[in-house]
Structures are given as C-alpha cells and as structure tokens.
Amino acid sequence: MIQPKLQVKNCDLFYGDFQALKNINLSIAEKEITAFIGPSGCGKSTLLKSLNRMNDLVEGCKITGDFTLDGENIYKDMEITELRKRVGMVFQKPNLFPMSIYDNIAYGPRTHGIKKKADLDEIVETTLRQASVWDETKDRLKKSALGMSGGQQQRICIARALAVKPEVLLMDEPTSALDPISTIKIEELATELKKNYTIVIVTHNMQQATRISDKTAFFLHGEIVEFDETQRIFSNPKEQKTLEYITGRFG
C-alpha cells in the first residue's frame, strides 16, 4: 500500500460552537490533482486551509483528529514554517505584495536564507517559467506586480508559491475571479505541475473538476459524502446526494 502524501483521519473542526467539519477521513495521493466540490459553506475551503494550518489564525477554531504529510503529523510534529514551505497555497483572488514581480517571487526564498543574487535570479526565472508567465514578465521584473492583468497576477502567485520548492500546492478557487481564457491557462498549468507536485483544488466549477482532477471529494454540510475517481463521481456516483448535486438539482 503506497503511503498517501496527505492524510486526514477523524477530523472535526469547530468555529466556536459551530461545527464546520464532521468526521473527515481522506487520503490524498502524491502527484495527482484532487478536487473538492460542493455548495458554498460546505467545508471545502475550511478543510483545504487546515492542510497547511491557515485556520491556526482563526480565533475560536478548534481542530481534532490527525493530519499527516508523508506520515508526519503536521499539527504535533512539524514547525509551521517547515509546513508552509512544503505546502504552498494559492488563493481565490491574486494576493501579490505591492512590490516588483522579482521581489514577490524572491520573497519566500529570501526568508528561507537564500541571499545570492545569482541564485535568486535563477529561482525567479525558473518559477515564472513553471507558472507559464515568464514571457509576459521577463521585461518587467522590476515593475510592480500589481500592474499585470488578473490572470497574470494569479500565475505570478503560483510562481511565488513554487519559489520555495513546495511538495504540495493548495488552490482555493484559483480561477473564480478570472476570465475563461485565463482560467484555461491556469488549468493547463495545474495539469503540467502535477508531474512534480501534489495539487488540491477547491472549485465551484464542476467542468473544471472533470477537466483537470484525478479524484474528487464531494462535500455537503461539513461532511464528505463521496470521494472517488473523478470520472466515476461524475459518470456513476454511488450516493444520491452526489448525483443531485452534479446534475444541478441543488447547490
């Protein structure tokens, strides 16, 4: 049995008295794209953020259960800086720093002790190439990243996440604020990146899940109703609630 890259066992998550996640058990395979689908407020993003401890910042948030990365407990046995280096995150809206494109990408490597200009130059070029945005940025590296289009900014955010050489990339609705052409570019990029990274994506766009993911988890009211190969979830789901959701009867 191959050890999963990420594993969640018996997770319950509360915000104060509200239970946002209920008994979540999930294994995420290495170098695959796993999609989380389900209606708004069903727990998808909450679980995603728990995978690199973003919920640590939320007051009154209580998490029980085990979260492991390569078998190591991320809440008990891992420094948060190491976890964030290994598990990168891309948000719904591009959240670039108000600085140059170069400095946005070099920010993470610098905080991890890389100081030589030649090394930083190489990281900046490599990751912008990986994120399919090098050609659009190579002549503007010293200009503000905020001058780029939304789709370009989102790809720069992906490059910034890749710059610290993570193993896992979490994407929280990375295309919901983008036009269709930018969306396709990010989807093609995710498909390319899964050769080297494990990707977990929250999406409202079911066509997107079918286009790019290997496995899909369907969430409802804080529970995982069904988790299976994406093709099976969309062609022959086992659960009636999954069928109702994917055929548009609710949500």
Set Ser176, Ser144: member being of a type in the set (Ser, Thr, Tyr) and modelled with pLDDT under 95 | Ser176
Pick from the stretch 1-22 the residues that are out of contact with any strand residue (DSSP E or B) (no Cβ under 6 Å at 6 or more places or on another chain) and under 25 Å from Gln231 (Cα atoms): which of them is surrounded by the most Cβ atoms within 10 Å (Cβ to Cβ)?
-> Gln3
Only one of Leu193, Leu189, Leu169, Leu178 is in contact with a Gly (Cβ under 7 Å, 6 or more places away or on another chain), touching a residue at least 40 places away in the same chain (Cβ under 8 Å) and among the aliphatic types (A, V, I, L, M); which?
-> Leu169
Give the residue, chosen from Leu69, Leu51, Leu146, that is out of contact with any Gly (no Cβ under 7 Å at 6 or more places or on another chain), of a type outside the set (Val, Ile, Thr), crowded, with 19+ Cβ neighbours inside 10 Å and over 30 Å from Gly248 (Cα atoms).
-> Leu69
How many residues does the stretch 64-84 contain that are farther than 22 Å from Pro109 by Cα and touching an Asp or Glu at 6+ places or on another chain (Cβ under 7 Å)?
-> 3
Elements of type helices (runs of 4 or more DSSP H) contained in the stretch 31-147, each with 1 or more residues being closer than 24 Å to His204 by Cβ and among the basic types (Lys, Arg) = 44-50
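For every residue, the table says whether it meets (1) crowded, with 19+ Cβ neighbours inside 10 Å; (2) more than 20 Å from the chain's Cα centre (by Cα).
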position	(1), (2)
Leu193	yes, no
Tyr197	yes, no
Thr203	yes, no
Arg211	no, no
Asp214	no, no
Glu223	no, no
Thr230	yes, no
Glu239	no, yes
Leu243	no, yes
So which residues in the stretch 218-247 are small (Gly, Ala, Ser) and outside any helix (DSSP H, G or I)?
-> Gly222
Candidates Lys185, Lys195, Lys165 - the one that is farther than 16 Å from Glu32 by Cα, basic (Lys, Arg) and assigned to a loop (DSSP other than H, G, I, E, B) = Lys165
Arg211 vs. criteria part of a loop (DSSP other than H, G, I, E, B) and not hydrophobic (A, V, I, L, M, F, W, C) = no
Given the conditions (1) touching a residue at least 12 places away in the same chain (Cβ under 8 Å); (2) more than 30 Å from Thr64 (Cβ to Cβ); (3) polar (S, T, N, Q); (4) surrounded by fewer than 21 Cβ atoms within 10 Å (Cβ to Cβ), which single one is not true for Thr137?
-> (4)
Could you tell me whether the stretch 38-52 includes any residue that is under 16 Å from Pro166 (Cα atoms), among the aliphatic types (A, V, I, L, M) and within 16 Å of the chain's Cα centre (by Cα)?
-> yes
Among residues belonging to the stretch 1-30 that are free of Cβ contacts under 8 Å to residues at least 24 places away in the same chain and part of a loop (DSSP other than H, G, I, E, B), point out the one that is farthest from Phe250 (Cα to Cα).
-> Met1
Exactly one of Glu82, Glu72, Glu59 is farther than 23 Å from Asp135 by Cα and modelled with pLDDT of 95 or more, and that residue is Glu72
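The values are calculated or read from the model by the stated rules, or taken from the named source; none is laboratory data. What you are looking at is a predicted structure, and each value in this text was computed from that prediction instead of being measured. So basically every Cβ, Gly included, is an ideal-geometry build from the backbone, and we count neighbours across all protein chains shown.
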